[in-house]
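The structure under discussion appears below in the form of structure tokens.
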Amino acid sequence: MAVNSRIKGKVGELEACKAVLEHLGLEGRRSQQHCATDSASDILVNGTTDSLWWEVKRVQKLNVTETMARAKKDCGEKLPIVLHRRNHTPWLATVALSDLAAICHAIINAQQQATPPTPPTPQSQIPTTD
């Protein structure tokens, strides 16, 4: 794989993690940097790693049918989700309609199990040692 393709893939995966956090409230991370294996989805999203396979594509032209077929082949027993976007467009998620209810259920369960982030303590409430 060319260096530019790897960099674009990495940037796309990081952008996708940010979008998943923003829209679903779930933290994610790139799988390759942690697992160093091709047997993991592109990103690992907290609470969904046992049930969902996240495929990320950050390209101008995408054959969604081929990409979904590849994700289904690679995902094993997990349910595939293809996150994709072109330049200057929002992220889209493609799923099989037959998997939609189960995917929604898995995401809602993950959201309910997620620990909400601790809000920062306002400066006025931090004790001083004067």
message: Checking Glu55 against (1) surrounded by 21 or more Cβ atoms within 10 Å (Cβ to Cβ); (2) modelled with pLDDT under 95; (3) within 16 Å of Arg86 (Cα to Cα), only one condition comes out false. Which one?
response: (2)
- request: Could you run through segment 59-74 and say how many residues are at pLDDT 95 or above, surrounded by 15 or more Cβ atoms within 10 Å (Cβ to Cβ) and assigned to a loop (DSSP other than H, G, I, E, B)?
  value: 1
- request: State all residues of segment 75-130 that are aliphatic (A, V, I, L, M) and modelled with pLDDT under 95; if no residue qualifies, say none.
  value: Ala114, Ile126
- prompt: If a residue has to be among the hydrophobic types (A, V, I, L, M, F, W, C) and without any contact (Cβ under 8 Å) to a residue 40 or more places away in the chain to count, how many in segment 45-58 make the cut?
  reply: 2
message: Return the pair list, or none, for Cβ contacts closer than 6 Å from residues in segment 95-121 that are within 21 Å of Arg70 (Cα to Cα) to residues that are assigned to a helix (DSSP H, G or I) and at pLDDT 95 or above, at least 6 apart or on different chains.
response: Val95/Ile103
- prompt: What tally of residues in segment 79-110 results from selecting those that are of a type in the set (Lys, Arg) and in a loop (DSSP other than H, G, I, E, B)?
  reply: 1
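The values are calculated or read from the model by the stated rules, or taken from the named source; none is laboratory data. Being a predicted model, the structure only gives us computed values, none of them experimental. Methodologically, a virtual Cβ is constructed for each residue, glycine included, from the backbone with ideal geometry; neighbour enumeration extends over all protein chains shown.
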